[in-house]
Amino acid sequence: MADSYNFVKSTKLKLKGEKSSHKKHKKKKRKRERDADSAGPSLDEQRQDQELHGGWWSVENFDQIKNNIAVELGNSSYVMATDTGLFTLGAPHADGEGPDPTEQLTAIVVSETKIALKSGYGKYLGVNSEGVVIGRADAIGPREQWEPVFQEGKMALLAGNSCFVSCNDSGDIVATTKTAGEGEMVKIRTNIERVKKQKVDVPDEEKGSLKEAEVNYVKKFQSFQDRRLRINPDDRSKLKKAKEKGTLHESLLDRREKMKADRYCK
């Protein structure tokens, strides 16, 4: 899917009469800019964005797409259902306004990567043979499944015909292009309560790679009679599963016990 997701490379606009500059940017500055982009919006920016859109916030991953949503194409303009079963792009909303009822959809998860969308008219959204997005189906088939694609802080919506959603010159919502440029960038917004991330306390010894974690615990608990570290030479593949299950500390203890050099091991 990543091969299909080719973004249009943006360039700086050159205004009339503006002198071009050939000064090279420092590597450190470029790195800071890349780090800032990858970090995503700050908490204050997220709150401000949510307020500007009437309490509707932009999802950042697949797990956040559920229940009541709206698809934003452009600035504060949403995909809108019509009573004919077709879809168009609604008028831009003022600051503080959320999507209208006809611009709200219900998202149903159908797999680990795909969702189905139901309009306010009780019909599932799909795509016809011409690539036009329609909402006339009573059941979910292959053409009624949609894949949200996330990359580099941006998002596009892949239809059942393997094309990305956009708005054509007539104002119709279509899926007719195999690649995702700026015209195919969307935001899925939802007004459900944002789930706060629970902070997981990780011991200082377990920060870093599994190898570093084992060395840290050996340094902490080993009896240094001959001033030599005794690391278990066995394969560490089981440690990864133990970390996922939350039993890493016990597994490391078992590995140290085999070396008979730990003051907490029998």
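Which residue pairs have Cβ atoms closer than 7 Å, lie 6 or more positions apart in sequence or on different chains, and pair a first residue in region 247-264 that is surrounded by 14 or more Cβ atoms within 10 Å (Cβ to Cβ) with a second residue that is at pLDDT below 70 and of a type in the set (A, V, I, L, M, F, W, C)? Final answer for the pair search is Leu253/Cys265; Arg256/Val218; Arg256/Phe221; Arg256/Cys265; Glu257/Cys265; Asp262/Phe221.
Look through region 77-88, keep the residues that are surrounded by fewer than 21 Cβ atoms within 10 Å (Cβ to Cβ) and in contact (Cβ under 8 Å) with a residue 24 or more places away in the chain, and return whichever of them is nearest to the chain's Cα centre (by Cα). Filtering region 77-88 for residues that are surrounded by fewer than 21 Cβ atoms within 10 Å (Cβ to Cβ) and in contact (Cβ under 8 Å) with a residue 24 or more places away in the chain, the one nearest to the chain's Cα centre (by Cα) comes out as Thr88.
Here is a yes/no grid of residues against (1) at pLDDT 75 or above; (2) not assigned by TED's automatic domain parsing to the domain that holds Glu184; (3) not in a helix (DSSP H, G or I):
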site	(1), (2), (3)
His25	no, yes, yes
Lys28	no, yes, no
Arg34	no, yes, no
Asp37	no, yes, no
Gln46	yes, no, no
Gly55	yes, no, yes
Ile69	yes, no, yes
Gly74	yes, no, yes
Asp83	yes, no, yes
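Restricting attention to region 111-132, the residues that are surrounded by 13 or more Cβ atoms within 10 Å (Cβ to Cβ), over 15 Å from Ala70 (Cα atoms) and not basic (Lys, Arg) total 6. If you go through region 151-193 and keep only what is part of a strand (DSSP E or B) and either among the β-branched types (Val, Ile, Thr) or surrounded by fewer than 14 Cβ atoms within 10 Å (Cβ to Cβ) (or both), you end up with Gln151, Val165, Ile173, Val174, Thr176, Thr177, Ile188, Thr190.
For region 133-150, the set of residues classified as farther than 18 Å from Lys66 by Cβ, assigned to a strand (DSSP E or B) and not β-branched (Val, Ile, Thr) consists of Gly135, Arg136, Ala137, listed by residue number.
Looking at region 41-76, which of its residues are among the aliphatic types (A, V, I, L, M), surrounded by 12 or more Cβ atoms within 10 Å (Cβ to Cβ) and under 20 Å from Arg194 (Cβ atoms)?
Correct list: Leu52, Val59, Ile65, Ile69, Ala70, Val71.
The single condition among (1) assigned to a helix (DSSP H, G or I); (2) more than 17 Å from the chain's Cα centre (by Cα) that Ala91 does not meet is (1).
The values are calculated or read from the model by the stated rules, or taken from the named source; none is laboratory data. All figures in this text were calculated on a predicted structure; none of them were measured in a lab. All Cβ positions, even for glycine, are placed from backbone atoms using ideal geometry, and neighbour counts span all protein chains on display.
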